[in-house]
Every structure is written in structure tokens, then in C-alpha cells.
1. With an 8 Å Cα cut-off and a minimum separation of 6 or more residues, compute the relative contact order for the range 76-350 in percent.
2. Can you pull the Rg over Rh of the range 312-451, Cα-only, Kirkwood?
3. As an exercise, use a Förster radius of 56 Å and the Cβ-Cβ distance of residue 434 and residue 221 to find the FRET efficiency, rounded to the nearest 0.05.
4. Can you put 403, 231, 26 in order of Cβ neighbours within 10 angstrom, beginning with the fewest?
5. Of all DSSP beta bridges in the range 208-334, what percent run antiparallel (nearest 5)?
6. For the range 139-204 and the range 14-47, what is the centre-to-centre distance using only Cα atoms, to the nearest Å?
7. Between beta-carbons, use under 15 Å as the cut-off and find the net charge around residue 439, counting Lys and Arg +1, Asp and Glu -1.
8. If each residue's Cβ is checked for other Cβ atoms within 10 Å, how do 349, 210, 263 rank with the fewest at the top?
Amino acid sequence: MNLADTHSLQASFADPEWLAAHWMPFTGNRQFKAAPRLFTAASGTHYTTADGRQIFDGLSGLWCCGLGHGRPELVDAVARQLATLDYSPAFQFGHPLSFELANQIVARMPKDSGLNRVFFTASGSEAADTSLKIARAYWRAQGQASKTRLIGRVKGYHGVNFGGISVGGIVGNRKTFGQGIEADHLPHTQPPSGSFFKGMPPTGAELADELLNLIALHDASTIAAVIVEPFSGSAGVVIPPVGYLQRLREICTQHNILLIFDEVITGFGRAGAWTGAEAFGVTPDLLNFAKQVSNGVQPLGGVVAKQEIYDSFMQSGGPDYLLELPHGYTYSAHPVACAAALATLAVMEQEHTLDQVRTLAPAFEEKVHNLRGARHVADIRNYGLAAGLTITAHPGEPARRPFEIAMSMFKKGFYVRYGGDTIQLAPPFISTPAQLDSLINALGESLSEVA
Ligand code: PMP
């Protein structure tokens, strides 16, 4: 069967068994399979559905396709790499692209940050667990094996592996699976509904001081790391208050605790800079990335470590053929993913993508905040090309309205994400101002149409 042939596929849409075979992730399977939403092609800022409609990609895939879809540069790079070296063992052998990509990523870390050693994974969840494991192993390598405790944040999202859901603060991700690894949580920094702050909230930096309480409780000699997203996406776009990340950094430095930034969403352009660290002027010790690094066309993620962390592993006294860190994935630094990422970075340079994002962001902010006062909108938050709207709860069915709004948008030709009590927007970096207008106008209509 030619998978591009939507007719041969459509014949099966009515077959519940055919649909049942795929247990879909983070999806209401029963609802979806009753009325499947299928994309069969994508080009530029739009998807094509199985029934031939054009859908504007208001979340850049899942925050990962900022350069849009079907980019010939990426298609060529991936095709060429597949034909040249389709796979190379991730352990004990290498290929040139991963070293080139590591250097290119390092070159985009904040100046003088010391973030210059890259460990590759194939996803953001793997990056999260890798960073937590590196943090623990680092302290062991330093002779401080008691430093094992990990601290995340309420509403934090660090993927779905056991480390990530343990430090993460998304209730649904944790309550289904029971006890994870031990972790503490700082309070979230989402301002009360009705704040409607544009960009960074002016107050709330003192929320970082809760870390001092956790240190008083547990003692810094037991704490390995704190992990936060510079701004969170999956929790509904929560922006750090002015001075908050600086305060976290100060406390971590003072008490010898590693600071991990999960930049799976903020990395590679969404914040109008290569990293959230640069955008917010705060340097972590470990920085996780994924998604936009390869424009979503191939799975790739990783952790950038400060050199002193890497060096502490290299200085182990054992024979040089032994592993310094027994960790890695079959698909770490997959050559085809590396080719996609190198092409993504090249396109971003050629097209001055960061400038594009910084140019679009202020108008996007204005437009999205015009929805203040729209029906059901309890709060709006934004940074760069990301925005989150808190939607008032439907009595007895808290998550229903965001879902209905997203479905109404889909009918109008727009894809946006609903999660918890929020609608999330992350349009492609290549969006035109007119497309952003249409997106926000359609959202305004959907808000007024949904009961
Ligand atoms: N960390 C953050 C901050 C994320 O937003 C996500 C994905 N939304 C992840 C980790 C997990 O990434 P993945 O789905 O690639 O495992």
C-alpha cells in the first residue's frame, strides 16, 4: 500500500479494529478513534488532512517544527545521509557528523558559559533522565555520594521516563504510575489567574527561596541537582518572574547544587535566542535540548554539560579503555538525526531565524493579549513565539473546554494544543504576521462559540 495514497487509507478509517491496533500516546484513544484526525502531508506552515483540508500548524508540530514542514534542505540532508551511512553503532565507534554537530551546538551556548560537552539522546525524556543521572554520577565522581536528592518543580515537565516524571510536577503523569524516584518540588511560578502579564511577571522571584527551605530540611550534602524549564511549555506556558532564575542560580552555586535547565522547548529559537539561558541571562550546569534542534524531522535530543563536569569523569584513575559513564542509547547521535540537525542549524543561520522570531514576538504578544476579555479566558502568558491561555473550567469537567476549543479550531483549519486547563500556541518561526492574525482571530471565534 502506498501510504501517501489517502484513498487506500480512508477505506480503513471506518474499521475500528484497524484503528485499535495503534495505542496512541497522550491521546483520548476512544474519542480519537470515533472521529480520527489524520494528517497525510505537510508543507510550510500547513498540514494536509486525509480529507484534503489545509490546517495551520499553530504548535509547530509539538513545539519542534519552527522552520515549517517539507524543507528541501532538510529532506536532502536526511536522504543523502540515509544513502551514505544510515546507522552507525552509537557505542565505541563514531561518525563525523556527531562531532560536527556537538561543536555547532556548543558554539550556540551562551558566551563564556563553559557549556561545551554534548551527550546525545534521541528524545527530550531521555535528555531529562540523562541529565539527572549525570548529576548523581558527577557527585559520586567527586567523592560526594550522599548527594543524590533531586529537586523539580510543581507543573514542571521533563518527559515521561521515571526520572522525568519524578522530578516533574504534572500530576497526571505521576499519579497513574505510583512511586517514582524520590524527589522534592519547588512551587511553580504561574501568576494567579487574571494577572495577564506580558512576558516575564514582575513579581515572584522570591519563590526561588523555597529552595533554601528544602536545603534547611535535607541539607545540601544530600542534594544533587535542581531541574527547571526556563519557561515551561507543557504546563501551559509559565514564564519565570524577573530575577527568579538568577536567584535559583545563586542559591545553587552557594550550596554546591547543580542547576539543570530543561530547554527541550526553549532551546533553538522559541525564546528568540539559541537558548533560554541566553534569553534570561542565567547559565545552568547542564542544559537539556531536543525538538527544535532537528526541526522535528528526526528524533534527537541531548545534554550539554559544563566542561568541569565532563572532566571530572575523564579524570577517573582507571585504565583508559573503561567506560567513564555507563550510559547511552542505541539511537544516541543517530547519523540521520545529526544530518537533520546540522541542516536545521544551517537554515536557521541562513534565514536569520532568531531575528525573525524576535521581530514577530512583540506583535504576537499584542495579538494574543487582545484575547483578554474573550469568553472563558482566565489568563494569558507569553514569551517569544509561545503563549498559553488559561481557560475557565466547565462545571464538573475541568479539561473539557480546552478540548472543545481545540476541536473548534481544527474545524476552522487551525491546530493548537490543549492540555490541562490551557490552550497552547507555538506558531512556526516562518509564520507571517497575517497568519498570526488569522490564528488569533480564529481562536477568538472559537472562544466565543464554545459553550
Ligand atoms: N522536557 C520538556 C521541557 C518538554 O517540553 C518535553 C516534551 N514536551 C520533554 C522534556 C520530553 O520530550 P520527548 O517528548 O521528546 O521525550
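1. 28 percent
2. Values: Rg = 21.5 Å, Rh = 18.1 Å.
With Rh from the inverse mean 1/r over Cα pairs, Rg/Rh is 1.19.
3. The value I calculate is 0.50.
4. 26, 403, 231
5. 40 percent
6. 31 Å
7. -1
8. Details: 349 12, 210 17, 263 30.
The most exposed by this proxy come first: 349, 210, 263.
Read the figures in this text as sums done on the coordinates, not as results from a lab. The model shown is predicted, which means the values in this text are computed figures rather than measured ones. Heads up, the Cβs are rebuilt from the backbone with ideal geometry, glycines too, and the neighbour counts pull from every protein chain shown.
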